[in-house]
Amino acid sequence: DMPDMPDMPSIELPDMPDMPSISAPDMPSMSMPSLSMKDLKAPKMPKKKERIEGGPYGRIQINGSQVQVNGKSVKIMKCEQVRIFKDSTKNSKNRTVHLEFEDEAEAYSWACSMWYGGAEKIEK
């Protein structure tokens, strides 16, 4: 029999004599293994690379790259970037870097220094 619910009509289920009886002793016994806190270990996460405090983020190799100046901005293309961490470095090739300057004369001066340092001049 179903328990009565407040504010709901009572439901009577018909008997089903053709249905086989399922008793609990026929069911396999199942138990969960006990887990203590010492058995649970957090997954090991990769350690984030630390930068040198007050040190450089990295460096960009200008020789062999392409440099384009456009007003107050300089675009360095196809350059190699080396990121510097406390215990290692990471090299990335074919990077593009955008630099913004306060005025066009400063941007052009920086671009000239890069062209002199071996970068290819790219016209806009």
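The values are calculated or read from the model by the stated rules, or taken from the named source; none is laboratory data. Just so it is clear, the model here is predicted, and its values are computed rather than measured. Here Cβ is always computed from backbone atoms with ideal geometry, including for glycine, and neighbour counts include all displayed protein chains. To get the accessible areas, we keep the full protein, side chains included, count just its heavy atoms, and leave off ligands, DNA and RNA. Shrake-Rupley method; radii C 1.70, N 1.55, O 1.52, S 1.80 Å.
Evaluate the following for Val97: is it touching a helix residue (DSSP H, G or I) at 6+ places or on another chain (Cβ under 8 Å), part of a strand (DSSP E or B) and on the phi < 0 side of the Ramachandran plot?
No.
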Exactly one condition in (1) in contact with an Asp or Glu (Cβ under 7 Å, 6 or more places away or on another chain); (2) open to solvent by 30 Å² or more (accessible area, probe 1.4 Å); (3) modelled with pLDDT of 95 or more is false for Lys86; which is it? (3)
Answer from Lys38, Lys44 - the residue that is open to solvent by 100 Å² or more (accessible area, probe 1.4 Å), at pLDDT below 85 and in a loop (DSSP other than H, G, I, E, B): Lys44
Which pairs turn up if I take residues in segment 51-63 that are of a type in the set (Gly, Ala, Ser) and look for partners that are modelled with pLDDT of 90 or more with beta carbon separation below 7 Å, at least 6 apart in sequence or on another chain? Gly55/Ile84; Gly58/Gln81; Gly58/Val82; Gly58/Arg83; Gly58/Ile84
Pair list, Cβ under 6 Å, 6 or more apart: segment 79-105 residue farther than 22 Å from Trp115 by Cβ, other residue aliphatic (A, V, I, L, M): Lys86/Ile52; Thr89/Val82; Asn91/Val82
Which numbered condition Cys112 misses (of (1) out of contact with any strand residue (DSSP E or B) (no Cβ under 7 Å at 6 or more places or on another chain); (2) exposed (fewer than 13 other Cβ atoms within 10 Å of the Cβ)): (2)
